[in-house]
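Quick notes on the structure that follows.
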Amino acid sequence: MRKIAVIGACGQIGTELVLALRKEHGAENVLATDIRENCPEMLNNGPYLHMDVLDRQTVEGLFKSGEYEQVYLLAAMLSATAEKKPHFAWKLNMESLFTILDLAKDGHIKKIFWPSSIAVFGPNSPKIDTPQHSVLEPTTVYGISKLAGEKWCLYYNQQFGVDVRSIRYPGLISYKSAPGGGTTDYAIEIFHSAKRNEAFVSFLDQNQTLPMMYMDDAIRATLELMEAPSDKIKVRTSYNLRGCSFSPKEITSEIQNFIPSFKTIYKPDFRQKIASSWPNSIDDSYAKNDWNWENKIDLKDIVKTMLENV
Ligand code: SER
């Protein structure tokens, strides 16, 4: 049996994706790899490799064995951190992708998953129900790297037949692993404040609505996309996915249904500008039509689950 590798396995998506893949394919068949020396305890049930994805020689050595059929490339710098380290963000987000695309082009990997983001949209994209094919004029380094990456995925698919699949994730909410460096991270931090009985200081404006999704839906979407027959995957840039949309004010009021004394204080910083360039909500009819995608978890469920588990 051919194996699966997840690069960037210790991050917010990686941790949960590795667990889900191991459940489906057997723990010994799913390699977790990350630049972190030690992986989270949760991933101790299967193989772990400490690897820097920018070390092209080592990455090539690993995959030229032909042992790995599928690679999920999740190593990346997210929107807020990328604004602080633009050149390194570009290098990390792009070079890692080229390494894996080239390995697939040369026949060493059969299928790739690479995440894109709502950050590919910009201030000139329609804000409500932003369509799959829309104005793509990102204003962040992260968004520019994701848009370029999407185009390269399409190019490798069309020119070399590389089976690469992608999702434009909205902000992802989860409690098992912490997010890092994103603009949507506030929607997780808010639960930690609520559980500590502290007021939450929001770095976004109270009315800044953003597209969000609970991690379980995001993981299911990823697995469903990867399992769909290749001829169903008509979008080879990256699929829009709709979860639920809400603002800091709306999530605060949902939390107040459980903790009435909870308060949010608004002190927008540089991340507000990033958020205001992104859509409020997403149209995902292509994902629905092509591989029967359907979001299941709404804001009410998210708040309940997060407050119970954080
Ligand atoms: N959650 C990401 C971020 O905020 C968006 O893809 O950077």
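The values are calculated or read from the model by the stated rules, or taken from the named source; none is laboratory data. The structure presented is a predicted model; accordingly, all values stated were derived computationally and were not measured. For the accessible areas, the whole protein counts, side chains as well, though only heavy atoms, and no ligand, DNA or RNA atoms are used. Shrake-Rupley method; radii C 1.70, N 1.55, O 1.52, S 1.80 Å.
Summary of computed values
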| quantity | calculated |
| --- | --- |
| Net length gained if the chain between residue 128 and residue 65 were fully extended (0.36 nm per residue, minus Cα distance) | 18.1 nm |
| Crossing angle, helix 186-195 versus the chain [Cα axis fit, 0-90 degrees, rounded to tens] | 60 degrees |
| Global form of the range 84-151, assessed from the alpha-carbon gyration tensor, a/c cut-off 1.5 | oblate |
| Length released on extending from residue 148 to residue 201, taking residue separation times 0.36 nm less the Cα-Cα span | 15.7 nm |
| Surface share of carbon and sulfur [accessible, 1.4 angstrom probe, percent] for the range 44-113 | 51 percent |
| Accessible area per residue in Å² at 1.4 Å probe, computed on the range 19-150 | 44 Å² |
| Ellipsoid semi-axes in whole angstrom, largest first, where each is sqrt(5λ) of the Cα gyration tensor of the range 42-119 | 23, 15, 13 |
| Of all accessible heavy-atom area on the range 155-310, the percent that carbon and sulfur account for (1.4 Å) | 45 percent |
| Over the range 1-144: Kirkwood hydrodynamic radius from C-alpha pairwise inverse distances, Å | 16.2 Å |
| Cα-based radius of gyration of the range 174-264 once divided by 2.2 N^0.38 Å, which approximates compact folds | 1.33 |
| Solvent exposure of the range 151-310 as accessible area per residue, Å², 1.4 Å probe | 43 Å² |
| The range 19-81-the range 277-310 distance, computed between alpha-carbon centres (Å) | 26 Å |
| Extent along principal axes [Cα atoms of the range 226-310; Å; largest to smallest] | 52, 31, 19 |
| Convex hull volume per residue in cubic angstrom - Cα atoms of the range 50-94 | 83 Å³ |
| Residue-averaged [θ]222 nm for the chain, counting only DSSP H segments that reach four residues, each worth -39500 (n - 2.57) | -12500 deg cm²/dmol |
| Length gained when the stretch residue 310-residue 105 is fully extended (0.36 nm per residue, less Cα-Cα span) | 69.6 nm |
| D_trans [Stokes-Einstein, Kirkwood Rh over alpha-carbon pairs] for the chain, 37 °C, 0.692 mPa s, µm² s⁻¹ | 167 µm²/s |
